[in-house]
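The values are calculated or read from the model by the stated rules, or taken from the named source; none is laboratory data. Here the structure is a predicted model, which means the values were calculated and not measured. Glycine gets a Cβ as well: all are built from the backbone with ideal geometry, and neighbour counts include every protein chain shown.
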Amino acid sequence: MGKKRKQQEVSEDAPKKDDTAPERPKRTLLGWKNGGVEDQSAAPVFRNKEKVLVTCSRRIISRYRHLMLNVVSLLPHCKRDNKIESKEGKGATLNELIEIRNCSYCLFFECRKQKDLYLWMTRWPDGPSVKFLVNAVHTMEELKLTGNHLKGSRPILTFSSNFDKEPRWMLLKEMIMQD
């Protein structure tokens, strides 16, 4: 029988194998992505990160609540929250909710005396707030609409030339367009 080789000699003579596995392509929402190959000619896809919190006050009547749900169904990027107590401190409560939900806008439906509906539209954290008095409420169920065929798409907004004349109307136009 022959001599056994020393372990050290064997490791020096044999070429080293690369035991690491090849890098797997990364999985993204749009498909597979190779780590080394990137298409720089494609422009980055715009994603709207602006979210809208839609909520209402307590003791809101059903007709106004259905209007709020119709608004939620039309906005593809909104988050709906529970009812808020409309006593003192509702502004602080709304600010906390907006911050927790990572939203940049808020639509707050406030019902007073079971008959008047006010819509607060605000930009968070230091943007302007607008208060609207809502009258002549008609929901989609009352109008017997067949459904929302464009669910998840952006609505088309048209403004008259009056919105370009005064600063307050220009501000409203900008808030509604960004919302």
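Structure summary
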| quantity | calculated |
| --- | --- |
| Filtered residue count, the range 118-170, keeping only those that are at positive phi and either at pLDDT 85 or above or in contact with a helix residue (DSSP H, G or I) (Cβ under 9 Å, 6 or more places away or on another chain) (or both) | 1 |
| Any hit, the range 37-46, residues being surrounded by fewer than 16 Cβ atoms within 10 Å (Cβ to Cβ), assigned to a strand (DSSP E or B) and at pLDDT 75 or above | no |
| Residues of the range 62-103 classified as exposed (fewer than 13 other Cβ atoms within 10 Å of the Cβ), in contact with a Lys or Arg (Cβ under 9 Å, 6 or more places away or on another chain) and at pLDDT 85 or above, total | 1 |
| Near pairs, Cβ below 6 angstrom, 6+ apart or cross-chain, from the range 60-72 (free of Cβ contacts under 8 Å to residues at least 12 places away in the same chain) to any residue that is buried (at least 16 other Cβ atoms within 10 Å of the Cβ) and in a helix (DSSP H, G or I) | none |
